[in-house]
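The values are calculated or read from the model by the stated rules, or taken from the named source; none is laboratory data. Everything numeric here is computed off the predicted structure, so don't read it as measured data. Cβ sites come from the backbone with ideal geometry, for glycine too, and all protein chains shown count toward neighbours. Side chains are part of the model used for accessible areas, which takes the heavy atoms of the whole protein and leaves out ligands, DNA and RNA. Shrake-Rupley method; radii C 1.70, N 1.55, O 1.52, S 1.80 Å.
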Amino acid sequence: ARIFNPKSGKTMMLAVDHGYFQGPTTGLKKPRETIMPLLPYADCLFVTRGILRNCISPSANTPVFLRVSGGPSVLGELSNEDITTSMKEALRLNAVGVGLSIFVGEKNEDRTISNLGRLVNEAEEYGMPVLAITAVGKEMARDARYLGLASRIAAEIGAHMVKTYYCEEDFEKVVEGCPVPIVIAGGKKIPERDALQMAFNAISKGAAGVDMGRNIFQSENPVAMIQAIKAVVHENYTVDEAFELFNKLKEKKVVSERV
Ligand code: R5P
């Protein structure tokens, strides 16, 4: 209930964990300045412990899903991940869940899937939900067959939620084949209207929400964008309505609308 809005049954998660392998990525060079104004509109923040400790005000009461895997940087072999943050730390930081990546079809797929199994084993002892992220390597096609394979494996190993990418064709089959809620990552920055369309399509085809980052914090107006995405996720806004809301908020015609 702390992750999913009880009215809509969906979740608007804000992903700001990119620095764990990308360093000071565009839009997150000053994490505190970017993240704090967005928090009132997020159901949940997906973040590393380093940013949580140093850049998020202790008075913020947005639930936190903690990124607990890492290892390689963007300069190395990305699938070479392990668990970097303990369950004890997640509990101490009052996280409502923990998340890690699996790299199906990549060099270290077996290790990352085993990481998921070990994390779920430990998390079950504390009733801590686990989000598995299906990281997609450069060589992999982001199609329903691949995303469906990776998402289903994550659920079979015990993930309570899966974050994967949206695909235009047969996304509903990815959702159908995965017995736990699926949220979508936004991927690389695309024009705002296209990102709203992607969120709308994903929700229409059965996604339980979004866990988006770059298409929000790299937007020309992140605070307007998160509200527009949130309207799609929770308020059944059409793409036209949400884009109109984005433009109005951007132009400050609506000063502090909360959707
Ligand atoms: C990868 O860095 C993380 O798993 C992100 O949390 C995920 O990719 C969502 O962020 P974006 O919407 O920018 O793809």
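The table for this structure:
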{"item": "Helical mean residue ellipticity (222 nm; -39500 (n - 2.57) per DSSP H run of 4+; nearest 500) of the chain", "result": "-11500 deg cm²/dmol"}
{"item": "GluC sites (Glu not before Pro) restricted to DSSP loop in the range 142-221 with at most 16 other C-beta within 10 Å", "result": "Glu168, Glu169, Glu220"}
{"item": "Helix 192-204 axis, angle to the chain major axis (alpha carbon atoms, nearest 10°)", "result": "60"}
{"item": "Relative counts (whole %) of C-alpha pair distances in the range 1-50, using bins that are 10 Å wide", "result": "24, 48, 23, 5"}
{"item": "Average accessible area per residue (Å²) across the range 20-88 - probe 1.4 Å, nucleic acids and ligands excluded", "result": "47"}
{"item": "Among beta bridges that DSSP assigns inside the chain, antiparallel share in %, nearest 5", "result": "5"}
{"item": "Lys107-Thr84 FRET efficiency (beta carbon distance; Förster radius 25 Å; 0.05 resolution)", "result": "0.85"}
{"item": "Label zone at Lys173 (point 7 Å along Cα-to-Cβ), backbone N below 18 Å, the range 198-213", "result": "202, 205-207"}
{"item": "With every protein chain in place, the range 45-90: carbon and sulfur % of accessible area (1.4 Å)", "result": "51"}
{"item": "Sparse-neighbour loop sites [trypsin sites (Lys or Arg not before Pro); the range 77-147; at most 10 other C-beta within 10 Å; DSSP]", "result": "Lys138"}
{"item": "Ellipsoid semi-axes in whole angstrom, largest first, where each is sqrt(5λ) of the Cα gyration tensor of the range 30-123", "result": "26, 16, 11"}
{"item": "Helix 109-126 vs. the chain, principal-axis angle (Cα, 0 to 90°, nearest 10)", "result": "80"}
{"item": "Percent antiparallel among DSSP beta bridges (both partners in the range 1-129, rounded to 5)", "result": "20"}
{"item": "Considering only the range 59-140, percent of DSSP beta bridges that pair antiparallel, nearest 5", "result": "20"}
{"item": "Spherically averaged projected area in nm², based on the convex hull that wraps the Cα atoms of the range 110-259", "result": "9.6"}
{"item": "Accessible surface of the range 91-164 [probe 1.4 Å, protein heavy atoms]: carbon and sulfur percent", "result": "46"}
{"item": "P(r) histogram, all alpha-carbon pairs of the chain included - 10 Å bins from 0, percent", "result": "7, 32, 39, 19, 2, 0"}
{"item": "Helix 222-235 vs. the chain, principal-axis angle (Cα, 0 to 90°, nearest 10)", "result": "80"}
{"item": "Mean accessible surface per residue for the range 143-189, computed with a 1.4 Å probe while every protein chain stays in place, in Å²", "result": "45"}
{"item": "Cleavage-rule hits, trypsin sites (Lys or Arg not before Pro), the range 20-53, DSSP coil, Cβ neighbours within 10 Å at most 14", "result": "Lys29"}
